[in-house]
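**Q** Let me begin by handing over the structure; questions about it come next.
The values are calculated or read from the model by the stated rules, or taken from the named source; none is laboratory data. Note that the structure is predicted; figures quoted are calculated from it, not measured. Cβ: placed from backbone, ideal geometry, glycine included. Neighbour counts: every protein chain shown.
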Amino acid sequence: MDEGIKTKKASREVLGSSGQRVTGQRALLLDILHRSGEHLDADELYRRARRRQPRLSLSTVYRNLQLFKKLGLVNEHHFAGEHHHYEVKSAVEHQHLLCLGCGKIVEFYCPMSRQFKEKIGREHGFKITGVEVRMVGLCSSCRNQKVAK
């Protein structure tokens, strides 16, 4: 699903059309992912969900994140080693800046990535379905803290 998932309703429709039940726990996890607008790891998603459903287990969060990923509802990013972050699949391809100091993640749009994708795909006989660019460095807050020390 390349066009992304714009709404919670669309996410639920994808779940239903795939033969998966739209359980309360799945609906809650999708709601948190949609509302947050952030790149959440499984632990943070679990913490937020437990505030509303205290009986939710961490393994349920992991299982559902894998299902959402398989169905194209979320993107999984590996920003730092074993640490995975999830975001609702966007209709617009975007890239990421990652602060090495505080872990802040900033999205940015790179119009040239589409041109690169087409040119490189044509040159090498690939149908490229996605581009992931991650730039790392220090955000202004972390740079200012290093200067102040």
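**Q** Can you pull out the residues in region 102-149 that are within 22 Å of the chain's Cα centre (by Cα), modelled with pLDDT of 90 or more and of a type in the set (G, A, S)?
**A** Scanning region 102-149 gives a single hit, G137.
**Q** Among the residues of region 65-80, is there at least one that is surrounded by 20 or more Cβ atoms within 10 Å (Cβ to Cβ) and modelled with pLDDT of 95 or more?
**A** yes
**Q** Right, next: Does any residue in region 8-25 that is in contact (Cβ under 8 Å) with a residue 60 or more places away in the chain and over 16 Å from V61 (Cα atoms) come within less than 9 Å, Cβ to Cβ, of a residue that is among the aromatic types (F, W, Y) and surrounded by fewer than 11 Cβ atoms within 10 Å (Cβ to Cβ) six or more places away or on a different chain, and which pairs are these?
**A** Pairs found: none.
**Q** Additional query: Can you tell me which of E132, E44 is outside any helix (DSSP H, G or I) and closer than 26 Å to L29 by Cβ?
**A** After applying the criteria, what remains is E132.
**Q** Kindly provide the set of residues from region 107-136 that are among the β-branched types (V, I, T), in contact (Cβ under 8 Å) with a residue 12 or more places away in the chain and exposed (fewer than 13 other Cβ atoms within 10 Å of the Cβ), ordered by number.
**A** Selection gives T129, V136.
**Q** Tell me, yes or no, whether region 80-96 has at least one residue that is in the same structural domain as V61 (by TED's automatic domain parsing), at positive phi and in contact (Cβ under 8 Å) with a residue 12 or more places away in the chain.
**A** Looking for residues that are in the same structural domain as V61 (by TED's automatic domain parsing), at positive phi and in contact (Cβ under 8 Å) with a residue 12 or more places away in the chain, one finds none in region 80-96, hence no.
**Q** Continuing with the same structure: Going by the structure shown, is Y62 touching a Phe, Trp or Tyr at 6+ places or on another chain (Cβ under 9 Å) and among the hydroxyl-bearing types (S, T, Y)?
**A** Spelling it out, Y62 is indeed touching a Phe, Trp or Tyr at 6+ places or on another chain (Cβ under 9 Å) and among the hydroxyl-bearing types (S, T, Y).
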